[in-house]
Amino acid sequence: MTTRAIPRTVAGREWSRADLRDLTSFCSNEGVACALDEPLSKHISMGIGGPAAAMIWPPHPEAVATVVAWISDRGLDWRVLGGGTNVMAGDQGVENVVINLTRLIEGTHISETLASFPAGLPTAQALNMTVRDGLDGLVWATGLPGTVGGAVAGNAGCWGGEMATTVETLDVVTAQGRCLRLAAADLDWSYRRLDLEQKAGAGSIVVSANMTLEPGDPKALSKRVEELHARKRSSQPVGARNAGCVFRNPEGDRSAGLLIDQAGCKGMRVGNAEISSVHANFIINRGDASGADIEDLIERVKGEVKARFGVLLEEEIRRW
Ligand SMILES: Cc1cc2nc3c(=O)[nH]c(=O)nc-3n(C[C@H](O)[C@H](O)[C@H](O)COP(=O)(O)OP(=O)(O)OC[C@H]3O[C@@H](n4cnc5c(N)ncnc54)[C@H](O)[C@@H]3O)c2cc1C
């Protein structure tokens, strides 16, 4: 295999075809689904991305630990994928193994005001369960796509809430396959970021999130959820393939979306990639946009905003 300048989640040697064959038999023995040359475009909300050398779907935290330990022991590396709603992959794909957590959905526990959710559970389902059980604290996640683990790993937030202030403890599998429970208060959270590496090491994987919520009235909670859904529907390109906000909001009082809009970029297009006319911080895939189209469009928007306002926008989406 040739070396490509793709950042890796953990330092490791490159996967060979023999390693991939060994992984396939290991996964088969462990009851973990595994596919070689799996197109990332099938697993990323933007609908772009070439193949991953392999994709595996561990069904429970022990399987995550076993498979990660197996990969680490061989000096190899991996990436982690949740719902793929905040990731952009290039047309060349990735040469390492992608651990897809969307089958890690067993193990929800709700008792009194304590709720524990597995990392692969869609955040929307976690929200629905709390509302059904009359628990307040996750309503801010209304309209947030993706998984609980992805939301924690990126400190997702909206409507004034964020994961940093919602989560109490996290269950994490380290790169050596060890299971740890970490207190959220001991972790370094910032705007759309969680630094797990400091406490758990590079390549750590969130396998569940535990929170203490407040008692609330289910009817009032679902009314608030409906209101927030309606606001999202009117302010975001719902139904179009996208990856949420592409850029982080810069310092100051103007959001990235406002700067992009004022720089005249709404509707700007490269191939089938387009700056949404509903919300300028969203890029939508209008058809068969390539990763290169989206990368070009990102660079053009950055150039326009820099030329007009002197602000260099930083990306919020994770590029693979
Ligand atoms: C229409 C739309 C609206 C959105 N609105 C918002 C919003 O209001 N606020 C907001 O913050 N975001 C928003 N997003 C972005 C995105 O949905 C969230 O950040 C979401 O929480 C990401 O979850 P995911 O499971 O899809 O993560 P992925 O996209 O799969 O992964 C994101 C990153 O987290 C890592 N990761 C994923 N799971 C784990 C894990 N278990 N352990 C360790 N690392 C992991 C991945 O390696 C990757 O680097 C929106 C996206 C869309 C498409």
(request) Please specify each residue of region 48-61 satisfying the condition of being buried (at least 21 other Cβ atoms within 10 Å of the Cβ) and in a loop (DSSP other than H, G, I, E, B). (result) ILE48, GLY49, PRO58
(request) Scan region 47-56 residue by residue and report those that are within 13 Å of the ligand (Cβ to nearest atom) and out of contact with any Gly (no Cβ under 8 Å at 6 or more places or on another chain). (result) GLY47, MET55
(request) Could you grab me the full set of residues in region 299-317 that are crowded, with 17+ Cβ neighbours inside 10 Å and touching a strand residue (DSSP E or B) at 6+ places or on another chain (Cβ under 7 Å)? (result) VAL301, LEU313, GLU316, ILE317
(request) Please work out which one of (1) of a type outside the set (Ser, Thr, Tyr); (2) assigned by TED's automatic domain parsing to the domain that holds GLU226; (3) under 30 Å from ALA54 (Cβ atoms); (4) part of a strand (DSSP E or B) is the condition GLY150 fails and give its number. (result) (4)
(request) Using the structure shown, decide if GLY120 is free of Cβ contacts under 8 Å to residues at least 40 places away in the same chain, in contact with a strand residue (DSSP E or B) (Cβ under 8 Å, 6 or more places away or on another chain), buried (at least 24 other Cβ atoms within 10 Å of the Cβ) and closer than 18 Å to ILE205 by Cβ. (result) yes
(request) Considering (1) crowded, with 23+ Cβ neighbours inside 10 Å; (2) hydrophobic (A, V, I, L, M, F, W, C); (3) under 28 Å from GLY31 (Cα atoms), say which one ALA156 fails and leave the rest. (result) (3)
(request) Considering only residues that are within 8 Å of the ligand (Cβ to nearest atom) and farther than 20 Å from GLY154 by Cα, look in region 237-248 and name the one that is modelled with the highest pLDDT. (result) PRO237
(request) Go through (1) open to solvent by 40 Å² or more (accessible area, probe 1.4 Å); (2) more than 18 Å from the chain's Cα centre (by Cα); (3) at pLDDT 95 or above and name the single condition PRO39 misses. (result) (2)
(request) Output the residues belonging to region 62-80 that are within 13 Å of the ligand (Cβ to nearest atom) and crowded, with 23+ Cβ neighbours inside 10 Å. (result) VAL64, VAL68, TRP78, ARG79
(message) Considering only residues that are more than 9 Å from the ligand (Cβ to nearest atom) and either in contact (Cβ under 8 Å) with a residue 12 or more places away in the chain or within 11 Å of VAL207 (Cα to Cα) (or both), which ones fall in region 143-169?
(response) GLY160, GLY161, ALA164, THR166, VAL167, GLU168, THR169
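The values are calculated or read from the model by the stated rules, or taken from the named source; none is laboratory data. This is a predicted model, so every value here is computed, not measured. No Cβ is skipped: glycine too gets one built from the backbone with ideal geometry, and neighbour counts run over all protein chains shown. Areas reflect the complete protein model, heavy atoms only, side chains present, ligands, DNA and RNA absent. Shrake-Rupley method; radii C 1.70, N 1.55, O 1.52, S 1.80 Å.
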